[in-house]
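Engineer: Here it is, the structure, as structure tokens.
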Amino acid sequence: MPKHARSTLAWSTKWKAYELREGDQASAVLDADAWSRWLDEHGSFSFRGRNGRLSLLKERRKAGLGYWYAYRRQRESVAKRYAGRSGELTFVRLEELAWALEGNGEQVVVPQPAVGEVEDGGHAGLATAEILLVPKLQPPRLHNSLVRRERLLAQLDAGRERKLTLLSAPAGFGKTTLVCQWLAEAAEQDNAPVIAWLALDQGDNDPLRFWRYVITACRTFGPDVGAQSLALLDAPLAIKSPLDMILTVFVNELAQIRCEGILVLEDYHGITTPQIHEAVGLLLDHLPRQLCLLITTRTRPPLALARLAATGELTEIEAPELRFSDAETAAFLRQIIPVPLQPDEIALVESRLEGWAAGLRLLALAVEGRDNASDIDHILENFIAGRRSIGEYFVAEVLHNQPAPFQLFLLQTSFLVRLTTSLCDSVTGRSDSQEVLELLEQANLFIEPLDGSGLWYRYHALFATAMQAEARRRLGEAAMRNILARAGRWYEEHAMLPEAIEAAFVADNSQRAVDLIELVVGPQFSLERPELHGPPEFYTLQSWLTRLPQGVMDERPLFNLALAIAMLFSHIVKMRPATGIVGDEIERLLIKALHGFSVAGETDRLGQVFAFRALLFRERSEIAAAVDCARVALEALPPHELNWRSICVGTLGLGEQGAGHLYRAGARFAEARAMCEHLGNRPFARANAIALSWILLEQNELQRAAPLFRQMLAEARAMGDIEDMANALHGLAEIALCENDLDAAWTKAEDVVDVMRQYPHESAHVDAALILARVEQAHGQSEAALARCAALLVRQERAILPAAMQLVARITFEQARIALATGDLSSAQRWQYTQAPELELPRVQHDRQAILLGRLLMAEGDPEAAVQLLEPLLAAAESDGRGRVALEMRLPLALAFTAIGQPHNARQTLAAALASAQPANAQRVFVAEGEALAALLRATLPTLADKGLLAFAKTVLGGVTAIGGRANIELLSPQERRVLHLVAAGRSNPQIATNLIVSVNTVKVHVKSIYRKLNVNSRLEAASAARELGLL
């Protein structure tokens, strides 16, 4: 085993590529052929990959062949494994070896899947869309001869003080050259800005890929930029975060940098995905002051340009300004033409080209190497008088003037977005492509070097388009398909599967596309992996699978499952529910997958489908269906598979929670949390911890729930997880309300509202608004609370789906509760008769509805019926651990016992309520009862032997009497006040009914309610209390 290798192959997290480090030097290893040659010439190196570290040593055999072996120290011993010959030692092979030798105790990164062997027995690279092409992150090299365009450079300088600089013009107007020239000059200044560059193309329309490139480009601003946001982007599929959340983290990272930075997005016209435009708009809205964004594009992007211009945050340079002026044209011509030109000749060139930069470059190419005045005059005359299109000119004056081998090279490689030596060799069958590329660059044949090493190039867009058209005409479609097939093969071998798949589609080779997609989907959805990764770019996967023939999809159940998962998670990262047509399509795909796996007898896969269906039903709030699927999945999934099992166990926890079995629910959530902690799945671990916090809250264990909520809130804030932040804040607001800390409850509920502005989740918005309504009612502002509930209902007026109907049920319940507390019996009665018994609601919500019905019975003068309703529900709540609901039940039950003449039971029930509330300091439930509870509290105090409980009871009594009559007065409804005035005037019930145009029975109900609220037992006492309280 080698003691110390002088050379190291290491994965660069900054550039998402492998670097070969020899001594203090580092160079990106982008070419598999160069890597293979290096291996032939060396005998040892160390490897630091994504999945672990290795030492590698080449051992020679008698035949002179060298075989590589991998070594890894494992505790007290050294493990050795055969690695292969040099030609087999690909990056993916090294990652596989690192994973295999890392050991179970050191899981670092889930291994990237091997592409497998290609047709000739060779090996491809990593089958992942996560590898980024470094040349996209580097600006093109500048040409030697440039005209300094003072006016435009000054405009770009001014743009450094604004958020956005936009260069918008058709192809050939010199946008990129101008920006590169400006950046080169800025780099020479003392206050040189740091540059992040990204060259975009149509393949970047996947939002996840787009932002992976953008964030990686911005890592030049500082080592901390992208640390968290890239981790969220690269997270396993099952814990993929919404894009807005990831962008929030990214913006916060940008806000920490101390340098001036410029982010350049070149060729933004290639982006057509609306979600990307929205996200770029969000980035612009929150762009830190020290940064600016520069976009080059052929068309105006759909961004809020008018608003940016109105606020002075936009510098815009369009085609008219980019045209060369007469002076600039003259200066350019003087540089390229060795003989003096007459003013009229310059004017003719200007009139022909109208300042078009690409036309000037064409002219420069035409006169290059000519020093004879008559030859130049002839070229100028033809050029000025020409009527050919630009494409025809490229073919006639550029292509036809090249040697035949060069012509063929240009035509064969014109379809490549970017060019490098081995790619061009593969496509053309040549072995001297590097020399050809260098000669083309030297000849200025519309080819641009993309980095300083001469490894990567690209053709000018107009030139490439002209060459592609000529290639189809001259070579034919069959030849084009062969070229694309060879390019696809090269992409496979160099870990660029997305490009290989696209090449197969363009070549109309759907079978090859299917084979390649299988190489992505199969390993990524393997149940043998400790995490469910899946392709990180759901949009791209969805695009591939929807382009396949239906027959192909029907034959491959895994493709149906993959497409369903891609569709669901595409909606999750967009923070949109997968409902309606999308939901139906996902369900159709899952049914097809179930059928296919059933026929094939793949039980493990069936478990995977049912686990995913459980997740899908959870998204729809159809918990009963989710639980059924989770149970089936757990039976089918292998015991060692923790990722899908953790989802299913958490789903069972939701089922137990919905059924009101809180002890069992807490155990399920704790189990799921432990699984996720073992996997390193922090987002799901956090979600289960928050669910466990809610169980503790409903068990009335506020002292345990609060610190766990706070811990998860801090973690969610650190990760920018908006949904978890809202859930934790909601829990803390509920706890503050339980403790009668109304100001804290209001503040935290408002925090939820603020957080949810970034994440439009309706359920969280409703939760926060209902807490605000309850605080308003506690302050005697019942009308404001009811208005808030009414506004919430307006937002739900088209509620059809179960999740939305559950929100409606919560809102109408709160309305009825507030209405009854103000004496509005008719509204509470309407609520009672408009319930939907078929709606799936959590058991605690059913319990609270029963409590409200018990209060309604008491208001209607039937406290005995209230006792009969609540007593058995209280016993059930206590046995299942629903401590908070049990506490809420005891208060109306105690008052009902008082009303039916059972003072002992009343005091005993109240004492039990105090005993359960004291450890949690849950005061609000007592204070909310007002003066009606004061007399019973006073009667109960002498029965309390425990000093701590007695002190708590006195504190509660102080809170009740503090609001005393004022709270009860404010709780009298307007109709009750009118009845009270007439009672005090000595009117009888029939007289009051006639006066108010209501029934006698309604008057009786109002009178009983007034007695209860004023804590009186006769009409005379009511009149006396009214006078004392200033109601008359």
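Engineer: Considering W15, W68, W35, which residue is outside any strand (DSSP E or B), at pLDDT 75 or above and of a type outside the set (D, E, K, R)?
Structural biologist: Criteria check complete, one pass: W35.
Engineer: Okay, moving on. Quick one: in region 732-762, of everything that is part of a helix (DSSP H, G or I) and within 23 Å of the chain's Cα centre (by Cα), which residue is modelled with the highest pLDDT?
Structural biologist: So, considering only residues that are part of a helix (DSSP H, G or I) and within 23 Å of the chain's Cα centre (by Cα), the one modelled with the highest pLDDT is D751.
Engineer: Where in region 804-916 are there helices (runs of 4 or more DSSP H), lying fully within it, with 2 or more residues that are among the polar types (S, T, N, Q) and either free of Cβ contacts under 8 Å to residues at least 40 places away in the same chain or within 25 Å of Q781 (Cβ to Cβ) (or both)?
Structural biologist: Those helices (runs of 4 or more DSSP H) span 825-833, 843-859, 863-879.
Engineer: Further question on the same structure: Kindly indicate the residue of region 579-633 that is under 29 Å from A764 (Cα atoms), assigned to a helix (DSSP H, G or I) and charged (D, E, K, R) and also nearest to the chain's Cα centre (by Cα) among those meeting that condition.
Structural biologist: It comes out as E619.
Engineer: Since S543 meets every condition but one in (1) at pLDDT 80 or above; (2) crowded, with 20+ Cβ neighbours inside 10 Å; (3) within 30 Å of I276 (Cβ to Cβ), which condition does it not meet?
Structural biologist: Among (1) at pLDDT 80 or above; (2) crowded, with 20+ Cβ neighbours inside 10 Å; (3) within 30 Å of I276 (Cβ to Cβ), the lone unmet condition for S543 is (2).
Engineer: Which condition breaks for D721 when tested against (1) of a type in the set (D, E, K, R); (2) buried (at least 24 other Cβ atoms within 10 Å of the Cβ); (3) modelled with pLDDT of 90 or more?
Structural biologist: (3)
Engineer: For residues that are within 25 Å of P139 (Cβ to Cβ) and crowded, with 20+ Cβ neighbours inside 10 Å, scanning just region 424-435, find the one that is modelled with the highest pLDDT.
Structural biologist: Filtering region 424-435 for residues that are within 25 Å of P139 (Cβ to Cβ) and crowded, with 20+ Cβ neighbours inside 10 Å, the one modelled with the highest pLDDT comes out as C424.
Engineer: Another question, then. Within region 289-301, can you find the residues that are farther than 13 Å from L166 by Cα and surrounded by fewer than 16 Cβ atoms within 10 Å (Cβ to Cβ)?
Structural biologist: Hits for region 289-301 are R289, Q290.
Engineer: If you don't mind, there's one more thing I want to ask. Would you confirm whether any residue within region 140-156 is more than 30 Å from D201 (Cα to Cα) and modelled with pLDDT under 70?
Structural biologist: Checked against the condition, which is being more than 30 Å from D201 (Cα to Cα) and modelled with pLDDT under 70, region 140-156 yields no hits at all.
Engineer: Oh, and also: Tally up the residues in region 87-105 that are assigned to a loop (DSSP other than H, G, I, E, B), of a type outside the set (A, V, I, L, M) and modelled with pLDDT of 70 or more, please.
Structural biologist: Total meeting the criteria: 1.
Engineer: For region 970-996, how many residues meet the condition of being over 23 Å from L856 (Cα atoms) and either of a type in the set (D, E, K, R) or not in a helix (DSSP H, G or I) (or both)?
Structural biologist: Looking only at that region, the number is 4.
Engineer: Inside region 648-701, can you point out the residues that are without any contact (Cβ under 8 Å) to a residue 24 or more places away in the chain and either crowded, with 24+ Cβ neighbours inside 10 Å or farther than 21 Å from L616 by Cβ (or both)?
Structural biologist: R664, A667, R668, A670, E671, R673, A674, E677, A685, A689
The values are calculated or read from the model by the stated rules, or taken from the named source; none is laboratory data. Just so we're clear, the structure is a prediction, and the values are computed from it rather than from any experiment. Here Cβ is always computed from backbone atoms with ideal geometry, including for glycine, and neighbour counts include all displayed protein chains.
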